[in-house]
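Taking it in order: structure first as structure tokens, then the write-up.
The values are calculated or read from the model by the stated rules, or taken from the named source; none is laboratory data. Predicted model only: the values in this text are computed from it and were never measured. Methodologically, a virtual Cβ is constructed for each residue, glycine included, from the backbone with ideal geometry; neighbour enumeration extends over all protein chains shown. These accessible areas exclude ligands, DNA and RNA; they are computed on the full protein's heavy atoms, side chains included. Shrake-Rupley method; radii C 1.70, N 1.55, O 1.52, S 1.80 Å.
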Amino acid sequence: MAYDVIVLGGGPAGYLAGERAGQAGLKALVIEKRALGGVCLNEGCIPSKTLLNSAKVLHYAQDGAKFGVTTTGASIDHKVVVARKNKVVNTLVSGVKATLKANKVDVVNAAGFIKGKDAEGFIVEADGKEYKGVNLIIATGSAPAMPPIKGLRENYATGFVMTNREILDLETPPKKLAIIGGGVIGLEMGVYFNAIGTEVTVIEMLDHIAGPTDGEISRMLQKDLSKKGVIFKLQCKVMEVTADGVVYETADGKTEKVEADKVLCSIGRRPVSNEIGIENIGVYAERGAIKTDRFMRTNIPNVYAAGDVNGTSMLAHTAYREAEVAVNNILGKRDIMRYNAIPAVIYTSPEIASVGETEETAKAKGIVYDCAKVPMVYSGRFVAENEGVEGICKVLVEKASRKIIGVQLMGSYASEMIYGAALMVETEMRVNDVKELVFPHPTVSEIIREAIFKL
Ligand code: NAI
């Protein structure tokens, strides 16, 4: 008998689609060729946060004297950190497996390939068997971009160049690490390796780090990380990767080279939709990204695409929600994906978190806005817990309606606070609505209230 839904891919979009389908009583199958949990759980979000937490613990120990706590000889054992990371990943992967089982979702651990469609449904082959599904959710994720830079692929083959996958399993930290791309992965990994004593150089082609982050916050972050010893080469174009470093061209046309023991290539990710047989059922993709509407439907009836494979937002939390939208529409419940209030976090230290419009995006869209800015030192708890650390909160409102349209944070707990701001943007709260909210005291979140009262 055909499944109600076959999910191709077991990452955040795939396993959550399976879970939600199972919860709703649908007969569901998840096909995953690697480990359940996908990039996020196995080689992305979770392992990187485990490493970054160890860096934080080291920092607390080394910096304790400022807080009246003296330790001697605090050091980090990277091998132990990686072993703990593996333990964390295994625990969570087992959790996903158990949740799918509890919801009666079948799992096949093999590469799935769409062969076509017959009267019963879509035919997907995996591990030499054919499975049929009335509905199909494609959730095959993304892979690191590897542009045709001279020597990049050759040196990836030798292990000199790494992506997010290999760097998280490095047993011995490099003395010198060159990072191509000053985006999310480059910065998070740069922060960890800088903290454990590696000389980190970030080569970025733009004139700023952290991509679409608010410009002021991007500059503050760069200043903070530079102070800690991270070297930034901005507006630099990588020309070649050699066996011992990266050659790049500077903004004024000079050729320079940074020598390194290892190179991290983190210049974005590309949807993975080739080699899964979408052409056999006519699913439309543009440069690998499977196009969907707001119901997560592709151009083919009963075929949905959720997560990185649609190339829209490429974040695990977006993937979760897209998966739910797809399953709800399969169930006949109207549900629409909205992208205007998706929080973004960079887990550097200090953390950066953002939702909605930045000053730059508001200007580009011609939105007339007011912006309130307060330094983090306006928060009592921030001052109590930090010494010599800068932070900021920016709140943007649409001038005419006084609607909250964006919040940007740099400082401790930013990642945990941003969902509250997302709620304000999502529910279109006005300045006066937020003024009436009571924030717990003392918390860093009160900084948002401080900013609101400046508007
Ligand atoms: P990214 O898109 O965040 O950053 C890539 C950077 O590389 C950009 O600043 C770009 O200007 C630069 N770049 C591109 N080509 C270059 C070249 N030839 N030379 C020098 N610089 C170049 O991509 P990243 O960091 O690889 O992350 C990939 C994905 O993973 C992102 O979509 C991100 O959303 C996701 N991710 C999210 C995390 C989070 O939410 N905290 C953590 C890690 C990854």
**OP:** Return the calculated 222 nm mean residue ellipticity for the chain, to the nearest 500 deg cm²/dmol, obtained by summing -39500 (n - 2.57) across DSSP H runs with n ≥ 4 and dividing by the residue count.
**Re:** -9500 deg cm²/dmol
Original post:
What is the antiparallel percent of DSSP beta bridges lying wholly in the chain, to the nearest 5?
Top reply: 60
Subject >> Between helix 184-195 and the chain: long-axis angle, C-alpha atoms, 0 to 90°, nearest 10 >> reply: 50
**OP:** Quick one: which residues, 5 or more positions from VAL7 or on another chain, have an amide H under 5 Å from its amide H? H modelled 1.01 Å from N in the peptide plane, none for Pro or chain starts.
**Re:** LEU29, VAL30, ILE31, ILE137
Original post:
Given a Förster distance of 41 angstrom, what is the FRET efficiency for GLU240 paired with ASN90, based on the Cβ-Cβ distance and rounded to 0.05?
Top reply: 0.60
Original post:
Amide H to amide H, which residues 5 or more places from LYS176 or on other chains are under 5 Å from it, using H placed in the peptide plane?
Top reply: GLU199, ASP261, LYS262
Original post:
So how much slack lies between ILE196 and GLU154, counting 0.36 nm per residue of separation and subtracting their Cα-Cα distance, in nm?
Top reply: 12.3 nm
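Could you give the length gained by full extension between ALA83 and ALA145, i.e. 0.36 nm per residue of separation minus their alpha carbon distance, to one decimal place? It would help to have the intermediate numbers written out before the result.
On the way: separation 62, 0.36 × 62 = 22.32 nm, distance 2.75 nm.
Full extension from ALA83 to ALA145 adds 19.6 nm.
If contacts are Cα pairs under 8 angstrom and at least 6 residues apart, what is the relative contact order of the chain in percent?
14
Among bridges DSSP assigns within region 97-235, what percent are antiparallel (round to 5)? Write out the running numbers ahead of the final one.
Details: 10 of 18 bridges.
Bridges in region 97-235 that DSSP calls antiparallel: roughly 55 percent.
Which entries in the list LYS175/LYS237; LYS97/LYS117; LYS237/LYS365; LYS237/LYS262; LYS49/LYS175; LYS223/LYS365 go over 26 Å, if you measure between the two C-alpha atoms of each? Intermediate results must be reported in sequence, preceding the final value.
Working: LYS175/LYS237 23 Å; LYS97/LYS117 29 Å; LYS237/LYS365 29 Å; LYS237/LYS262 18 Å; LYS49/LYS175 22 Å; LYS223/LYS365 29 Å.
Exceeds cut-off: LYS97/LYS117; LYS237/LYS365; LYS223/LYS365.
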Original post:
To the nearest 10 degrees, how steep is helix 414-426 against the longest Cα principal axis of the chain, on a 0 to 90 scale?
Top reply: 60
Original post:
FRET efficiency for LYS373 and LYS223, Cβ-Cβ distance as r, R0 = 25 Å, nearest 0.05?
Top reply: 0.95
**OP:** Between GLN62 and GLU275, with labels modelled 7 Å along Cα→Cβ, what's the label distance in nm to one decimal, could you check?
**Re:** 4.0
Subject >> Positive-end residue, the chain charge dipole about Cα centroid, Cβ charges, pick of VAL303, ILE209, VAL134 >> reply: VAL134
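Which value, in debye to the nearest 20, describes the size of the charge dipole of region 358-405 about its Cα centre when Lys and Arg Cβ atoms bear +1, Asp and Glu Cβ atoms bear -1, and nothing else is charged?
Details: 8 positive and 7 negative charges, 73 e Å.
About 360 debye.
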Original post:
Among MET296, MET239, what's the order by accessible area (1.4 angstrom probe), most exposed first?
Top reply: MET239, MET296
Subject >> Shape metrics for region 64-211, restricted to C-alpha atoms - Rg then Dmax, Å >> reply: 21.8, 72
Subject >> Solitary cysteines of the chain, where the nearest other Cys Cβ is not under 4.7 Å >> reply: CYS236, CYS265, CYS371, CYS393
**OP:** Residues in region 10-27, backbone N under 14 Å from the label point at MET1 (7 Å along the Cα-to-beta-carbon vector): list them, ranges by number please.
**Re:** 25-27
Original post:
Between ALA400 and ARG287, what is the spin-label point distance in nm, taking each point 7 Å from the Cα along the Cα→C-beta axis?
Top reply: 3.4
Subject >> Amide H contacts under 5 Å for MET239, placed H, 5+ residues apart >> reply: VAL247, TYR248, GLU249
**OP:** Would you be so kind as to identify which of LEU170, GLY282, ASN329 lies farthest towards the positive end of the dipole of the chain, taking Lys and Arg as +1 and Asp and Glu as -1 on Cβ and the Cα centre as origin?
**Re:** ASN329
**OP:** Report, ordered by chain and residue number, the aspartates and glutamates lying within cross-link reach of LYS87, taken as a straight Cα distance under 14 Å and ignoring same-chain residues fewer than 8 apart.
**Re:** GLU43, ASP169
**OP:** In whole Hz, with x marking every Gly and Pro, tabulate ³J(HN,Hα) for region 253-267 from phi via Karplus 6.51 cos²θ - 1.76 cosθ + 1.60, θ = phi - 60°.
**Re:** x, 7, 9, 10, 9, 10, 7, 8, 8, 8, 10, 9, 9, 9, 10
Original post:
Full extension from LYS333 to GLU130: what is 0.36 nm times the residue separation minus their Cα-Cα distance, to one decimal in nm?
Top reply: 70.2 nm
Original post:
Given VAL258, GLY44, MET239, which one lies farthest toward the positive end of the charge dipole of the chain, if we put +1 on the Cβ of every Lys and Arg and -1 on the Cβ of every Asp and Glu?
Top reply: GLY44
Original post:
If you plug each phi of region 385-393 into the Karplus form 6.51 cos²θ - 1.76 cosθ + 1.60 with θ = phi - 60°, what whole-Hz ³J(HN,Hα) values come out, in order, with x for Gly and Pro?
Top reply: 9, 10, 10, x, 10, 9, x, 7, 10
Subject >> Magnitude of the charge dipole, region 368-455, Cβ model with Lys/Arg +1 and Asp/Glu -1, debye to 20 >> reply: 340
**OP:** Report the charge-dipole magnitude of the chain in Debye, nearest 20, computed about the Cα centre from +1 at each Lys and Arg Cβ and -1 at each Asp and Glu Cβ.
**Re:** 480
**OP:** May I ask for the angle, rounded to the nearest 10°, between helix 78-102 and the longest principal axis of the chain, with both axes built from Cα atoms and the value confined to 0 to 90°?
**Re:** 40
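Taking only C-alpha pairs under 8 Å that are 6+ residues apart, what is the relative contact order of region 152-267 in percent? Please list the in-between numbers first.
Working: 223 pairs, mean separation 40.7, N = 116.
Averaging sequence separation for qualifying contacts and normalising by length gives 35 percent for region 152-267.
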**OP:** Express in Å², to the nearest 10, the accessible area of ASP207 obtained by rolling a 1.4 Å probe over the protein heavy atoms while all chains stay in place.
**Re:** 100
Original post:
Once phi is turned into θ = phi - 60°, what whole-Hz ³J(HN,Hα) does the Karplus curve with 6.51, -1.76 and 1.60 give for every residue of region 211-226, x standing for Gly and Pro?
Top reply: x, x, 4, 3, x, 5, 5, 4, 5, 5, 5, 4, 4, 4, 5, 4
Original post:
Taking Cα pairs under 8 Å and at least six residues apart, what relative contact order does region 344-452 come out at, in percent?
Top reply: 32
**OP:** Pop the C-beta distance of VAL383 and ARG430 into the FRET formula with R0 = 30 Å and round what comes out to the nearest 0.05.
**Re:** 0.50
